[in-house]
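Take a look at this one; I'll ask things after.
The values are calculated or read from the model by the stated rules, or taken from the named source; none is laboratory data. This is a predicted model, so every value here is computed, not measured. Every residue, glycine among them, receives a Cβ derived from its backbone with ideal geometry; neighbour counts consider all protein chains shown.
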Protein chains: 2
Amino acid sequence: MIINIPENSDFSIHNIPFGIFSTVDRTPRAGIAIGDHILDLAAVAELDVFDFNTAVLEKDTLNDFIALGKSITKKVRVDIQHWLKDDDSVLAGKPELFVPQSKANMHMPVAIGDYTDFYSSIEHATNVGKMFRDPENALLPNWKHIPVGYHGRASSIVVSGESIHRPKGQVLPKDASSPVFQASARLDFELEMGFITGKSTEVGESIATNDAEDYIFGMVLLNDWSARDIQKWEYVPLGPFLAKNFASHISPWVVTLEAFEPFRVSGPQQEPKVLPYLEYEGQKNYDIQLKVGITPEGSDEKTVCHSNFKYMYWNMVQQLAHHTINGCNINVGDLYGSGTISGKDENSYGSMLELAWMGTKPIKMNDGTERKFINDGDTVTMRGYSEKDGVRVGFGEVSAKILPAK
Amino acid sequence: MIINIPENSDFSIHNIPFGIFSTVDRTPRAGIAIGDHILDLAAVAELDVFDFNTAVLEKDTLNDFIALGKSITKKVRVDIQHWLKDDDSVLAGKPELFVPQSKANMHMPVAIGDYTDFYSSIEHATNVGKMFRDPENALLPNWKHIPVGYHGRASSIVVSGESIHRPKGQVLPKDASSPVFQASARLDFELEMGFITGKSTEVGESIATNDAEDYIFGMVLLNDWSARDIQKWEYVPLGPFLAKNFASHISPWVVTLEAFEPFRVSGPQQEPKVLPYLEYEGQKNYDIQLKVGITPEGSDEKTVCHSNFKYMYWNMVQQLAHHTINGCNINVGDLYGSGTISGKDENSYGSMLELAWMGTKPIKMNDGTERKFINDGDTVTMRGYSEKDGVRVGFGEVSAKILPAK
């Protein structure tokens with residue numbers, strides 16, 4: 001192996017995720033995470049080893065690289081794997097190609113054109129329904145027929161590490177008839193996965209479930225921050241708006257669909273039967289372990305949630321088929337969130353709203369303080385990886401600190 | 001005057017709207033509509049009369065031009081007005097600078113990063129509430145406190161003239177418990193205005209109502225197509241999605257806020273009093289007459305709606321202040337729809353849903369056929385202009401034909 005890869009690294013030889021990084025001496029460019037290092041793809045390109053226009057590797061987003069298509073991006077991944085394993089390869093004896101991750105700044109991996117957020121975990125939708133609607137009829141009538149989704153804000157999606165301020169907005173106090181303006185008192189995270197499309201369609205085109213994987217370049221971790229008190233007052237009838245669009249964070253490394261190939265599993269049985277355009281063949285869920293930790297200022301991290309991407313009721317190919325069945329077009333770099341990923345167990349719920357059950361079951365931090373929602377100074381960190389037969393593939397983390405309202 | 005401008009032209013010397021056009025001999029570039037012609041700004045730039053980097057005028061969107069800022073874009077507009085009026089100006093004796101509109105193709109004027117749609121007409125919100133909720137309490141409790149809005153799809157916004165196919169999707173038949181998949185049987189238009197921002201903010205920044213006009217470059221006409229049957233089944237709890245994102249049309253010419261300056265009027269009294277961050281000073285509504293016509297295949301156009309932008313309850317500066325109060329950032333080229341613009345009179349309603357009152361009052365076309373919603377082969381055309389003291393400023397039209405479902 002050309003470079004040392006620590007055991008249990010998310011960025012094993014089996015992964016080869018793509019991202020955009022910069023260093024003190026060079027502007028943002030494409031790289032691959034390997035162990036604790038980044039392989040500088042723009043520098044590799046200077047060795048004249050790629051047979052495509054490598055200007056795309058010097059851009060500050062991956063969009064143009066991804067747009068080359070899977071025939072090229074898959075080959076880059078496989079070539080890099082071979083070269084890393086071969087001590088006599090083109091990468092040998094060139095330590096300058098490998099930048100320690102500790103010396104790099106990570107940037108948004110893609111320019112996101114449109115951002116769609118689904119609501120595809122049955123456990124999450126059921127929990128929310130129990131809390132806010134009817135415990136006996138927690139799921140709405142359309143939920144098992146439609147991978148329910150809505151449009152989110154693309155501009156305010158930022159990369160892991162950028163601190164954000166607690167949002168302010170309108171909130172309706174209990175028993176009041178008029179709202180007040182204040183900092184959100186119920187700031188929450190939502191544990192999600194996001195996928196990024198790598199191929200565009202025209203207005204009027206649809207994508208069949210059987211073709212959908214060709215359109216999915218890769219996945220990221222997504223923290224879809226939510227101000228529950230703002231959401232409650234604003235969301236009827238047109239859905240969440242300011243409760244969500246102040247910021248969402250994604251992980252800097254995009255893990256390709258190919259890297260998760262060994263971790264395919266079957267999804268839950270869908271009953272009632274879905275309409276034909278949502279039927280699919282094969283295993284379309286993925287066994288990806290997910291964790292959320294909260295680190296209060298000056299304390300250490302407390303893990304509050306263990307979940308798994310395999311719990312999803314609606315899978316990515318169904319989401320994409322549904323999204324485009326009316327002719328809605330998609331672009332390279334568009335982001336699609338899974339919705340909060342909750343499991344059956346109480347410690348697998350993917351938001352504080354569910355974990356602390358609307359504030360009725362506060363969660364104790366390591367410093368003894370309790371949390372119903374997220375406090376100023378808290379850092380929320382999400383991690384995700386798959387592991388089987390000695391193969392580990394992961395995202396690293398998406399992490400961000402909440403600063404007081406401005 | 002350098003060029004003949006027909007009387008009653010929307011594109012008078014007082015207007016000077018910006019757009020992107022192409023001709024058989026040259027690729028998309030910036031232009032200004034004047035009478036029946038387009039002044040080719042890229043060609044004007046070759047006369048070396050502008051003191052900014054004119055490469056922005058050769059782009060296929062206006063974004064980089066708009067991003068130069070109002071100090072430059074306002075000056076370009078005023079300079080062009082002077083040159084057009086002065087028979088000895090730099091534009092004199094150069095007919096090649098003026099392209100007949102009939103010989104040009106119009107393109108999307110801007111690359112839209114994010115698209116937000118508001119719901120700011122009190123008459124429209126009341127009509128919808130009466131039909132679908134409680135006639136006695138038609139407005140929801142938050143409506144008079146919040147300029148309610150939601151995120152729409154940016155990718156499927158297309159320019160006037162592009163025909164679109166009727167969307168297909170899930171619909172719940174009357175008295176059924178399971179949905180069916182079919183072409184929408186309730187395809188509707190929504191008469192809206194859209195504004196385009198010309199200045200960006202960072203995540204965490206807010207825009208005060210008093211500053212908001214600095215961020216608004218100009219306005220377009222917007223037809224926010226809606227499939228009412230798909231909408232009804234999908235929209236609870238996260239809002240409209242596939243019912244809207246198959247396509248929206250905008251007019252090709254962006255009329256600057258400055259051009260509408262003579263047409264400012266006061267908006268309706270807002271009662272109850274809005275929260276301080278939504279208070280504003282001065283006249284922030286605009287008297288812009290709006291019309292919608294339907295042209296069945298092989299027939300002539302029937303005007304079905306006369307409305308006015310001055311009816312808006314929430315104005316643009318309030319919309320922008322609300323949108324950013326939580327720190328949501330905006331970009332140059334973002335689009336913000338007003339929501340359907342209805343007035344008090346039955347013939348001023350801005351959608352077929354309201355005009356034909358849920359199908360109970362069909363509207364007769366000139367060929368004797370009736371419409372509850374929009375039929376295949378129908379062309380829907382929206383027009384908008386302001387007129388006072390001999391000054392006329394308008395958009396031309398946004399027009400599109402509905403083709404049968406694919």
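Would it be correct to say that residue B:339 is within 14 Å of another protein chain (Cβ to nearest Cβ) and either touching a strand residue (DSSP E or B) at 6+ places or on another chain (Cβ under 7 Å) or farther than 30 Å from residue B:270 by Cβ (or both)?
yes
Assess whether residue B:218 counts as being buried (at least 22 other Cβ atoms within 10 Å of the Cβ) and within 14 Å of chain A (Cβ to nearest Cβ).
In short, no.
Hey, any hits in the stretch B:31-46 for a residue that's assigned to a strand (DSSP E or B) and surrounded by fewer than 18 Cβ atoms within 10 Å (Cβ to Cβ)?
Here is the first cut: in the stretch B:31-46, the ones assigned to a strand (DSSP E or B) are B:31-34, B:37-40.
From what is left, the residues that are surrounded by fewer than 18 Cβ atoms within 10 Å (Cβ to Cβ) are none.
No, every residue in the stretch B:31-46 fails to be assigned to a strand (DSSP E or B) and surrounded by fewer than 18 Cβ atoms within 10 Å (Cβ to Cβ).
Just to confirm my filter: which strands (runs of 3 or more DSSP E) fall fully inside the stretch A:141-188 and include at least 2 residues that are under 24 Å from the mean Cα position of the chain (by Cα)?
Correct list: A:149-152, A:157-159.
The rows are residues; the columns are (1) touching a residue at least 60 places away in the same chain (Cβ under 8 Å); (2) over 19 Å from residue A:395 (Cβ atoms); (3) out of contact with any Phe, Trp or Tyr (no Cβ under 6 Å at 6 or more places or on another chain).
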residue: A:4; (1), (2), (3): no, yes, yes
residue: A:11; (1), (2), (3): yes, no, yes
residue: A:17; (1), (2), (3): yes, no, no
residue: A:28; (1), (2), (3): yes, yes, yes
residue: A:33; (1), (2), (3): yes, no, no
residue: A:70; (1), (2), (3): yes, yes, yes
residue: A:77; (1), (2), (3): yes, no, yes
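Would you check if there is a residue in the stretch B:106-125 being more than 19 Å from the chain's Cα centre (by Cα), buried (at least 17 other Cβ atoms within 10 Å of the Cβ) and either farther than 24 Å from residue B:318 by Cα or assigned by TED's automatic domain parsing to the domain that holds residue B:331 (or both)?
no
Of the residues in the stretch A:241-267, how many are surrounded by 24 or more Cβ atoms within 10 Å (Cβ to Cβ) and part of a loop (DSSP other than H, G, I, E, B)?
10
Would you confirm whether any residue within the stretch B:195-218 is part of a loop (DSSP other than H, G, I, E, B), over 30 Å from residue B:378 (Cα atoms) and modelled with pLDDT under 95?
For the stretch B:195-218, residues part of a loop (DSSP other than H, G, I, E, B), over 30 Å from residue B:378 (Cα atoms) and modelled with pLDDT under 95: absent.
Let me ask something additional. Could you list, in sequence order, the residues of the stretch B:1-48 that are β-branched (Val, Ile, Thr) and either in the same structural domain as residue B:160 (by TED's automatic domain parsing) or within 22 Å of residue B:383 (Cβ to Cβ) (or both)?
B:5, B:13, B:16, B:20, B:32, B:34, B:38
Out of A:331, A:375, A:366, I need the residue that is in contact with an Asp or Glu (Cβ under 6 Å, 6 or more places away or on another chain) and either outside the structural domain of residue A:297 (by TED's automatic domain parsing) or surrounded by fewer than 24 Cβ atoms within 10 Å (Cβ to Cβ) (or both). Which one? Before you say what the answer is, go through the steps one by one.
On the way: A:331 fails: in contact with an Asp or Glu (Cβ under 6 Å, 6 or more places away or on another chain); A:375 fails: in contact with an Asp or Glu (Cβ under 6 Å, 6 or more places away or on another chain).
Just one listed residue meets the conditions, A:366.
Quick one: which of B:352, B:358 is surrounded by 24 or more Cβ atoms within 10 Å (Cβ to Cβ) and farther than 21 Å from residue B:254 by Cβ?
B:352
Does residue B:106 satisfy the condition of being outside any loop (DSSP other than H, G, I, E, B), more than 9 Å from chain A (Cβ to nearest Cβ), over 16 Å from residue B:196 (Cβ atoms) and of a type outside the set (D, E, K, R)? Don't jump to the end; show me each part of the working.
Numbers: outside any loop (DSSP other than H, G, I, E, B): yes; more than 9 Å from chain A (Cβ to nearest Cβ): yes; over 16 Å from residue B:196 (Cβ atoms): no; of a type outside the set (D, E, K, R): yes.
In short, no.
Got at least one residue in the stretch A:163-174 being more than 11 Å from every other protein chain (Cβ to nearest Cβ) and within 27 Å of residue A:312 (Cβ to Cβ)?
For the stretch A:163-174, residues more than 11 Å from every other protein chain (Cβ to nearest Cβ) and within 27 Å of residue A:312 (Cβ to Cβ): absent.
Turning to a different aspect of this structure: Could you say whether any residue in the stretch A:137-152 is out of contact with any helix residue (DSSP H, G or I) (no Cβ under 7 Å at 6 or more places or on another chain), under 26 Å from residue B:149 (Cα atoms) and of a type in the set (Lys, Arg)?
no
A further question follows. Residue by residue through the stretch B:307-335, note down the ones that are closer than 30 Å to residue B:404 by Cβ and either among the aromatic types (Phe, Trp, Tyr) or more than 14 Å from chain A (Cβ to nearest Cβ) (or both).
At the first step, the residues of the stretch B:307-335 found to be closer than 30 Å to residue B:404 by Cβ are B:307, B:335.
Of everything in the stretch B:307-335, just one residue is closer than 30 Å to residue B:404 by Cβ and either among the aromatic types (Phe, Trp, Tyr) or more than 14 Å from chain A (Cβ to nearest Cβ) (or both), namely B:307.
Results for (1) in contact with a His (Cβ under 9 Å, 6 or more places away or on another chain); (2) of a type in the set (Val, Ile, Thr), shown as yes or no for each residue.
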site: B:300; (1), (2): no, no
site: B:330; (1), (2): yes, yes
site: B:351; (1), (2): yes, no
site: B:373; (1), (2): no, no
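Against the conditions (1) outside any helix (DSSP H, G or I); (2) more than 18 Å from the chain's Cα centre (by Cα); (3) surrounded by 19 or more Cβ atoms within 10 Å (Cβ to Cβ), where does residue B:283 fall short? Just the number, please.
If we test residue B:283 against (1) outside any helix (DSSP H, G or I); (2) more than 18 Å from the chain's Cα centre (by Cα); (3) surrounded by 19 or more Cβ atoms within 10 Å (Cβ to Cβ), just (3) comes out false.
Please verify whether residue A:130 is more than 8 Å from every other protein chain (Cβ to nearest Cβ) and either within 22 Å of residue A:229 (Cβ to Cβ) or in contact with a Gly (Cβ under 9 Å, 6 or more places away or on another chain) (or both), treating the condition exactly as stated.
yes
Looking at the stretch B:197-213 only, could you name the residues that are buried (at least 16 other Cβ atoms within 10 Å of the Cβ), more than 11 Å from every other protein chain (Cβ to nearest Cβ) and among the aliphatic types (A, V, I, L, M)?
Within the stretch B:197-213, B:207, B:212 qualify.
Let me ask another. Could we say that residue A:184 is within 12 Å of chain B (Cβ to nearest Cβ), more than 21 Å from residue A:118 (Cα to Cα) and either surrounded by 24 or more Cβ atoms within 10 Å (Cβ to Cβ) or modelled with pLDDT under 95 (or both) here? Outline the logic, then answer.
Working: within 12 Å of chain B (Cβ to nearest Cβ): yes; more than 21 Å from residue A:118 (Cα to Cα): yes; either surrounded by 24 or more Cβ atoms within 10 Å (Cβ to Cβ) or modelled with pLDDT under 95 (or both): yes.
For residue A:184, the condition - within 12 Å of chain B (Cβ to nearest Cβ), more than 21 Å from residue A:118 (Cα to Cα) and either surrounded by 24 or more Cβ atoms within 10 Å (Cβ to Cβ) or modelled with pLDDT under 95 (or both) - is met.
Do we have any residue at all in the stretch A:109-118 that's over 20 Å from residue A:240 (Cα atoms), within 13 Å of chain B (Cβ to nearest Cβ), touching a residue at least 24 places away in the same chain (Cβ under 8 Å) and not in a strand (DSSP E or B)?
Quick first cut of the stretch A:109-118, residues over 20 Å from residue A:240 (Cα atoms) only: A:109-111.
The next check asks that each one be within 13 Å of chain B (Cβ to nearest Cβ); those that pass are A:111.
Now restrict to residues that are touching a residue at least 24 places away in the same chain (Cβ under 8 Å): A:111.
Next cut, not in a strand (DSSP E or B) only: A:111.
There is at least one residue in the stretch A:109-118 that is over 20 Å from residue A:240 (Cα atoms), within 13 Å of chain B (Cβ to nearest Cβ), touching a residue at least 24 places away in the same chain (Cβ under 8 Å) and not in a strand (DSSP E or B).
Scan (1) more than 13 Å from chain A (Cβ to nearest Cβ); (2) under 28 Å from residue B:293 (Cα atoms) for the single condition residue B:246 breaks and write down its number.
The number of the failed condition is (1).
Then there is this: Can you give me the ranges of the strands (runs of 3 or more DSSP E) entirely in the stretch A:291-406 with at least 3 residues that are over 16 Å from the mean Cα position of the chain (by Cα) and touching a residue at least 12 places away in the same chain (Cβ under 8 Å)?
The strands (runs of 3 or more DSSP E) meeting that bar are A:302-308, A:379-388, A:391-403.
Just one of the numbered conditions (1) without any contact (Cβ under 8 Å) to a residue 40 or more places away in the chain; (2) closer than 30 Å to residue A:176 by Cβ; (3) of a type outside the set (A, V, I, L, M, F, W, C); (4) surrounded by fewer than 18 Cβ atoms within 10 Å (Cβ to Cβ) is not true of residue A:232; which one?
Just one mismatch for residue A:232, condition (1).
In addition: On the given criteria, is residue B:388 touching a helix residue (DSSP H, G or I) at 6+ places or on another chain (Cβ under 8 Å), of a type in the set (D, E, K, R) and surrounded by fewer than 19 Cβ atoms within 10 Å (Cβ to Cβ)?
Against the criterion (touching a helix residue (DSSP H, G or I) at 6+ places or on another chain (Cβ under 8 Å), of a type in the set (D, E, K, R) and surrounded by fewer than 19 Cβ atoms within 10 Å (Cβ to Cβ)), residue B:388 qualifies.
Just need a number here: residues in the stretch A:67-103 that are part of a helix (DSSP H, G or I) and of a type in the set (Gly, Ala, Ser).
2
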